[in-house]
Amino acid sequence: MVYHVKDFMDKNIASVDADVTVFEASKIMTEDKRGYLIVVNKDQTLGIVTEKDLVRKVMSKGVDPTKVKISEVMSTPLLVVDPDETIENAVKTMAENKVRRLPVMKTGIIYGIFGDRELAEHFYEYEDSITRDMMKYMAVYSC
């Protein structure tokens, strides 16, 4: 059986307007217990900002987070995954690009987030499914 991103993604998307300051965005991330925010301008998705972006582009440089807009430190262009993509391919994309999460998008619409947290939360469910599939395969093809 093939497992898809849409079956394991987090459908609760954390977003922030592009004009928000880094300070305000970090407060939202803390309150929502998120390691990222999708940066938007009206109905357009512009990029993503992660904890890593805040540390590397603001904190480590001594920049005042109340004076920098989140759009200035976001990662763009947005690296995304299709909801119908397999988990294996999504994980491969994450590894190749050294990212911990991928926004799940299709035809410009964002449906969720897939990343290390979702993998961890669903790992045993995924592992059990693979084991069941292997047992079925062995029962059918063993003599």
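The values are calculated or read from the model by the stated rules, or taken from the named source; none is laboratory data. Worth saying up front: this structure is predicted, and the values here are computed from it rather than measured. Here the Cβ positions follow ideal geometry from the backbone for every residue, glycine too, while neighbour counts run over all protein chains shown.
Scanning the stretch 51-78 for residues that are closer than 19 Å to residue 106 by Cβ and buried (at least 16 other Cβ atoms within 10 Å of the Cβ) yields a count of 1. Scanning the stretch 25-50 for residues that are farther than 15 Å from residue 78 by Cα and surrounded by 15 or more Cβ atoms within 10 Å (Cβ to Cβ) turns up 25, 26, 28, 29, 34, 35. The criterion of being modelled with pLDDT of 90 or more, within 24 Å of residue 12 (Cβ to Cβ) and charged (D, E, K, R) holds for residue 106. Looking only at the stretch 81-109, residues that are assigned to a strand (DSSP E or B) and surrounded by 13 or more Cβ atoms within 10 Å (Cβ to Cβ) come to 8 in all.
Can you tell me which residue within the stretch 112-123, out of those that are under 11 Å from the mean Cα position of the chain (by Cα) and over 16 Å from residue 51 (Cβ atoms), is surrounded by the most Cβ atoms within 10 Å (Cβ to Cβ)? For the stretch 112-123, the residue satisfying everything is 114. The residue of the stretch 1-15 that is farthest from the chain's Cα centre (by Cα), among those that are crowded, with 19+ Cβ neighbours inside 10 Å and of a type in the set (A, V, I, L, M), is 5. In this entry, residue 40 passes the filter for residues that are outside any loop (DSSP other than H, G, I, E, B), among the aliphatic types (A, V, I, L, M), touching an Asp or Glu at 6+ places or on another chain (Cβ under 8 Å) and in contact (Cβ under 8 Å) with a residue 24 or more places away in the chain.
Per the listing 2, 16, 49, the residue uniquely free of Cβ contacts under 8 Å to residues at least 40 places away in the same chain, out of contact with any Phe, Trp or Tyr (no Cβ under 6 Å at 6 or more places or on another chain) and hydrophobic (A, V, I, L, M, F, W, C) is 49.
Could you say which residue among 19, 53 is part of a helix (DSSP H, G or I) and not basic (Lys, Arg)? Steps first, answer last, please.
Details: 19 fails: part of a helix (DSSP H, G or I).
Matching residue, one of 19, 53: 53.
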